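To start, the structure under review is shown below, and the notes come after it.
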Amino acid sequence: MGKYDKLLLKVLSGNSDANVHFEDLCGLLKHLGFEMRVRGSHHMFRKERITEKINLQHDGGMAKRYQVKQVRNTIVKYRLGGAS
């Protein structure tokens, strides 16, 4: 199982939203086909056919809990990365 597969399972489990590294979460979104645009501290992710915009800011090297939840909800809603 690869790095992004493990991270995807971690995000989908919802058990450790406070323990997801910001750079890892950005990498997962890029791995899932999102395009990233950076404006200041805001890292914005968009993907064709997905209406939600994902906006991430790091919090001491970690992703913020509510942002991990937002990413999880988007992955589940659009069945990305094999999520059902």
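The values are calculated or read from the model by the stated rules, or taken from the named source; none is laboratory data. Keep in mind that what you see is a predicted model, and the values were worked out from it rather than measured. Counting neighbours? That spans all protein chains shown, and the Cβs are built from the backbone with ideal geometry, glycine included. These accessible areas exclude ligands, DNA and RNA; they are computed on the full protein's heavy atoms, side chains included. Shrake-Rupley method; radii C 1.70, N 1.55, O 1.52, S 1.80 Å.
Counting only residues that are open to solvent by 90 Å² or more (accessible area, probe 1.4 Å) and among the charged types (D, E, K, R), which one in region 58-84 is nearest to residue 33 (Cα to Cα)?
Looking at the filtered set, the residue picked out is 79.
Could you please give the count of residues in region 5-23 that are within 14 Å of residue 75 (Cβ to Cβ) and surrounded by 17 or more Cβ atoms within 10 Å (Cβ to Cβ)?
So the count comes out to 6.
Filter region 44-57 down to residues that are within 12 Å of residue 29 (Cα to Cα) and open to solvent by 30 Å² or more (accessible area, probe 1.4 Å), then give me how many there are.
Residues in region 44-57 being within 12 Å of residue 29 (Cα to Cα) and open to solvent by 30 Å² or more (accessible area, probe 1.4 Å): 5 in total.
Write out, first by first residue and then by second, each pair whose Cβ atoms fall under 9 Å of each other, whose residues are 6+ apart or on separate chains, and whose first residue, in region 29-43, is at positive phi while the second is of a type outside the set (S, T, N, Q) and surrounded by fewer than 16 Cβ atoms within 10 Å (Cβ to Cβ).
33/48
Give the residues of region 69-84 that are part of a helix (DSSP H, G or I) and either farther than 20 Å from residue 19 by Cα or in contact with a strand residue (DSSP E or B) (Cβ under 9 Å, 6 or more places away or on another chain) (or both), sorted by residue number.
70, 71, 74, 77, 78, 80, 81, 82
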